[in-house]
Amino acid sequence: MLTVVFRLGFASLVALGLLVACGSEDELLLGATTSVQDAGLLDELVAAFEEDSGYRVKPIVQGSGQVLELARRGELDVILTHSPADEESLLADGYALERTPVMQNFFLVAGPADDPAHVAAAVSLGEALQAISITGSPFVSRGDGSGTHKRELAAWADRRVDPAGEGWYRESAAGQGQSAFVANDGDAYTLMDSATFATLEERLQIVELFRDSVEPNVYSVIRLNAERLDEVNEEAADAWGEFMTSERAEQLILEFGRDEFGESLFEPLLLD
C-alpha cells in the first residue's frame, strides 16, 4: 500500500485528497463539537441515524470554532456546535441556511476541592472567574476558539479581566475532556460543560464548584448552503436535520445518562 502511495504524482495525491474530503453520495460529513463526543452522546446519535437513514456518517470532531471554520471552507455537510454568536455569523455570511437549537446543558467551573479562590460563593460566571484572577489561582483554558473557550472569554470580558500572559493562566489547546485532565493534574480551575464533567467525575479530583444556570449551553444543528458551498451533500444534511428534530433523537437525548447518573446529561429543546 505504501509503495502505491509513493508512486502517485502530486496532482494525483491532491485529487485523492479532494475525493476523501468531499465524501460520497451515501456519506455524511458531520462536524461536531468535542463535548458531545467526550460525553458519549454523539456515538448514540450517529448509530441511530445510520440505522434509520442508510447514510454512513464520517464525524469530524473538533472545537466549535474549528468546526465552523471547516464549514466555511465547504469541508463539511452539516454541523452540531455550541457557539451561538459564531453560528449566527455563519448564517449572516451566507454559508448556512438555518440554525436549529436541539439541546442544552450548562457550563460549570470545576476546581480544587479546597477552593482557594472561593469560587463556590460566586453568583455569576464572571464573578467566579474574577475571583480566580484576584487570587492568582491556576486556571486551564481550552484556548482553541471552541464554544467553551468563547463563553470563557465573554465572562472575563464581562469583568474587564484580561488573563492572557498571566502566570496562573494556561491554555491547553485541547478538547473538553483532555482539558479537564490537564486542570486535574495541575490542581487548577477550568470551565467545562456539565455533561462532560458528569461522565469524567469519578476519574477527577477536581470538583464542581459553580454552575452557570443563567445562560444555558445550547447546541444547534446548522445546515450549510449548498449553493454557496458546492461540495455539500445537501440530501444527507437534510436527512440529519430531520433526524435531529425527530422524536427518536429527542428521546435519545432525553434518556442519555439517565440510567448511569440518575438524570439526563442533555436537555432536548424540541419536545412539546
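Here is a check on your reading of the model: is E260 out of contact with any helix residue (DSSP H, G or I) (no Cβ under 9 Å at 6 or more places or on another chain), in a helix (DSSP H, G or I) and either among the acidic types (D, E) or in the same structural domain as A39 (by TED's automatic domain parsing) (or both)?
Working: out of contact with any helix residue (DSSP H, G or I) (no Cβ under 9 Å at 6 or more places or on another chain): no; in a helix (DSSP H, G or I): yes; either among the acidic types (D, E) or in the same structural domain as A39 (by TED's automatic domain parsing) (or both): yes.
No; evaluated as a whole, the condition is false for this residue.
Against the test of being among the hydroxyl-bearing types (S, T, Y), under 23 Å from V119 (Cβ atoms) and not in a helix (DSSP H, G or I), the options S213, S179 yield a single qualifying residue, S213.
Applying the condition of being part of a loop (DSSP other than H, G, I, E, B) and at pLDDT 95 or above to segment 144-163 and asking which residue is nearest to S124 (Cα to Cα) yields R159.
Pairing residues of segment 123-137 that are free of Cβ contacts under 8 Å to residues at least 24 places away in the same chain with residues that are assigned to a helix (DSSP H, G or I), at Cβ distances under 9 Å and at least 6 apart in sequence or on separate chains, gives A131/V119; A131/A121.
Give the number of residues within segment 101-140 that are within 30 Å of R258 (Cβ to Cβ) and in a helix (DSSP H, G or I). Final tally of qualifying residues: 4. Taking the condition surrounded by fewer than 20 Cβ atoms within 10 Å (Cβ to Cβ) and not in a helix (DSSP H, G or I), does E98 pass? Yes; evaluated as a whole, the condition is true for this residue. Annotation: of all residues in segment 220-233 being touching a residue at least 12 places away in the same chain (Cβ under 8 Å) and outside any strand (DSSP E or B), the one that is surrounded by the fewest Cβ atoms within 10 Å (Cβ to Cβ) is D230.
Of the residues in segment 90-97, none is under 14 Å from the mean Cα position of the chain (by Cα) and assigned by TED's automatic domain parsing to the domain that holds E235. Summed over segment 190-210, residues that are part of a strand (DSSP E or B) and within 18 Å of the chain's Cα centre (by Cα) total 4. Of the candidates A155, A180, A195, the single residue that is in contact with a helix residue (DSSP H, G or I) (Cβ under 9 Å, 6 or more places away or on another chain) and surrounded by fewer than 24 Cβ atoms within 10 Å (Cβ to Cβ) is A155.
With respect to (1) closer than 19 Å to N225 by Cβ; (2) acidic (D, E); (3) touching a residue at least 60 places away in the same chain (Cβ under 8 Å), the lone exception for E88 is condition (3).
The values are calculated or read from the model by the stated rules, or taken from the named source; none is laboratory data. Please read these numbers as outputs of a predicted model, since none were measured by experiment. Positions of Cβ are generated from backbone atoms using ideal geometry, with glycine treated the same way; all protein chains shown enter the neighbour counts.
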